[in-house]
1. Being more than 30 Å from A:Leu152 (Cα to Cα) and surrounded by fewer than 24 Cβ atoms within 10 Å (Cβ to Cβ) is the filter; apply it to region A:182-211 and report the residue that is nearest to the chain's Cα centre (by Cα).
2. Find the residue count for region B:23-53, including only residues that are part of a strand (DSSP E or B) and either closer than 19 Å to B:Met79 by Cβ or in contact with a Lys or Arg (Cβ under 6 Å, 6 or more places away or on another chain) (or both).
3. Confirm whether A:Val148 is on the phi < 0 side of the Ramachandran plot, in contact (Cβ under 8 Å) with a residue 12 or more places away in the chain and either surrounded by fewer than 21 Cβ atoms within 10 Å (Cβ to Cβ) or touching a Phe, Trp or Tyr at 6+ places or on another chain (Cβ under 8 Å) (or both).
4. Only one of B:Thr91, B:Thr43 is in contact (Cβ under 8 Å) with a residue 40 or more places away in the chain, of a type in the set (Ser, Thr, Tyr) and within 14 Å of chain A (Cβ to nearest Cβ); which?
5. Identify all residues within region B:92-125 that are in a loop (DSSP other than H, G, I, E, B) and surrounded by 18 or more Cβ atoms within 10 Å (Cβ to Cβ); write none if there are none.
6. Say whether the condition of being buried (at least 18 other Cβ atoms within 10 Å of the Cβ), under 15 Å from B:Glu159 (Cβ atoms) and free of Cβ contacts under 8 Å to residues at least 40 places away in the same chain is met by at least one residue in region B:175-186.
7. Can you confirm whether A:Leu160 is within 14 Å of chain B (Cβ to nearest Cβ), of a type in the set (A, V, I, L, M), farther than 21 Å from A:Tyr41 by Cα and surrounded by 19 or more Cβ atoms within 10 Å (Cβ to Cβ)?
8. So which residues in region B:102-117 are free of Cβ contacts under 8 Å to residues at least 24 places away in the same chain and closer than 20 Å to B:Gln139 by Cβ?
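The values are calculated or read from the model by the stated rules, or taken from the named source; none is laboratory data. Computed from a predicted model, the values in this text were never measured in an experiment. A quick note on method: Cβ atoms are made from the backbone with ideal geometry, for glycine too, and the neighbour counts reach across all protein chains shown.
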Amino acid sequence: MKRFWAWAAIGVAAVYFFLPLLGMLEFSLKMRRGEYSLDAYASVLGDPQFQASFGYSVIMAGLTIVFGVLIVVPTVFWVRLKLPRLRPVMEFVTLLPLVIPPIVIVFGYVRLFNTSSWLPLTGSALGTDFLLLCGYAVLSLPYMYRAVDTGLAAIDLRTLTEAAQSLGAGWITVLARVILPNVLVAVLSGAFLTFAIVIGEYVFAALLDRPAFGPYLVWAGGNKAYEPAALAVMTFALTWGCMALIQAVTRFSKHTRMPR
Amino acid sequence: MAYLDLSALEKSYGANHVVKSFDLGIEQGEFVSLLGPSGCGKTTVLRMVAGFETPSAGAIRIGGQEVTHLRPNQRNIGMVFQAYALFPNLTVAQNVGFGLKIAGLPSREIALRVADMLELIGLPEMGSRYPFQLSGGQQQRVALARALAPRPRVLLLDEPLSALDAKIRVSLRAEIRDIQRKLGITTIFVTHDQEEALSMSDRVVVMNGGRAEQVGAPFEVYNQPKTRFVANFVGTLNALEAIVTDPGAGKVTIQGQPLRLPQAVQAQAGAVLTLALRPEAVHLHGDGDISLPARIAELQFMGSVIRVNAEHAMGVIKLDLFNKPDTPPPAVGEDIALRFWAKDLIALD
């Protein structure tokens, strides 16, 4: 009896979650009257504005991942190795982006880096792109930090570092050749999450007036009928694809298997 | 000056003074063990030599060169860790060749050296395996090969056998010693296992409370302990109380039986002196300077040896008998006479 109620709860949750998605999927296929077709998807993929905004967001996501890895991995490594007492502070700082609304952060950026400030980043497209990159890095910080921190907790960081040092490796070699390859799965998890966040992000891109995918999604939602549903399905597919990749990387990473 | 010279080393963490006035000279090719209980400072000394800890005072010299403030990667010191510390993402061959690659050796030379090292540790076919595909003993051998591959000036072994099971531990310690002799590499071995230290080392440093209590060959440390701590920590010990009768002549009495020790006694006449006696120096048959009545309380069968706990007026005295299948051991409760020679007694400070 207990099992029945458990399955019933799962069933209700699945219906609650999947029914709207199925409805949206069905709607996205009904662009051609009287039959199912992929016209909405073809329309979206053929739209130059979609191509430009999606391409822009993909590049920004890639850069955010590189930027985030370069900042987070050495920082977490150093804190775990040399400053373990700072870990609670790190935990707190990396949680801040979850509690401070993005609109507050972006207004802060605009106030600090406007054209009349000492560092007028918003005065040029490149500067604003960099500001957006920093914003994305901040938004993804809680996920990247936790992914990397969990990865580093799973290896014997101190001993591996000391072993590499005793073999002549300097700090950069230790990080690049020993630590990073051994937390690659964790870093990739953080990277895929970052990718998913950046692709769908709206507030930063809209308020900094950059041609990203998020503002395009909102624009399409207000101006087209079937394409927004197709875009939503594609975005879901992309996000789930990222999650599947995390699983795949974890499963196929051969050196992370348990020792005999 | 010795090849590896540790002079007046000190290490403090705040008010906690973990290594105090530590001096040690190790000759080239020598195998020296740092032996002591947990927290005695032996690993801290090793880590200072490796460069992972900076001494609060003192100096470390290798081959006449001061290395006290050099970074670990500038010292050319090989180290083997208790937890193997093989790089999980690299194969065995890549692990062994790691230090050589860092040193910028040509790949052909790296391949040759790696093959030599794998041959040396008896795993020539394992180069393409990953660490998770090896047993604990194999992993530790690879760790040894990895540490030796760059031809370090000194090899440091930080309790490398502790994580292994008993049988592999015994065979691997013989292998390590054999490889060390073959390569003639100066080695410091840290352990809390006296059997390991005594069986492998040219010299043993017994440490306590951050200091070296005694430095000597295993035979000397075991048979002539200089302090009560060394006598207690290295091997098993019986403590007997004696009354000093003539300190200059080394005369004492044990349970009223007169005895002359091989050396003079640093105590006044009438003082109580503690004498140490190893279990293997006590016997049940034959002659002895002293014969004490006792009763067998317990027998512990330990394979080649039978440990007997005998109750005596001064407490329990332990003695070891060789296990001879044709001579059954005495029974529990049996009255016996414990015999030993005065020359086997060690006067403790």
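1. A:Tyr202
2. Just the residues of region B:23-53 that are part of a strand (DSSP E or B), to begin with: B:23-26, B:31-35.
With either closer than 19 Å to B:Met79 by Cβ or in contact with a Lys or Arg (Cβ under 6 Å, 6 or more places away or on another chain) (or both) added as a condition, the list becomes B:24, B:26, B:31-35.
So the answer is 7.
3. For A:Val148, the condition - on the phi < 0 side of the Ramachandran plot, in contact (Cβ under 8 Å) with a residue 12 or more places away in the chain and either surrounded by fewer than 21 Cβ atoms within 10 Å (Cβ to Cβ) or touching a Phe, Trp or Tyr at 6+ places or on another chain (Cβ under 8 Å) (or both) - is not met.
4. One residue alone meets the criteria, B:Thr43.
5. B:Ile121, B:Leu123, listed by residue number.
6. yes
7. Yes, satisfied.
8. Answer for region B:102-117, where residues must be free of Cβ contacts under 8 Å to residues at least 24 places away in the same chain and closer than 20 Å to B:Gln139 by Cβ: B:Ala115, B:Asp116.
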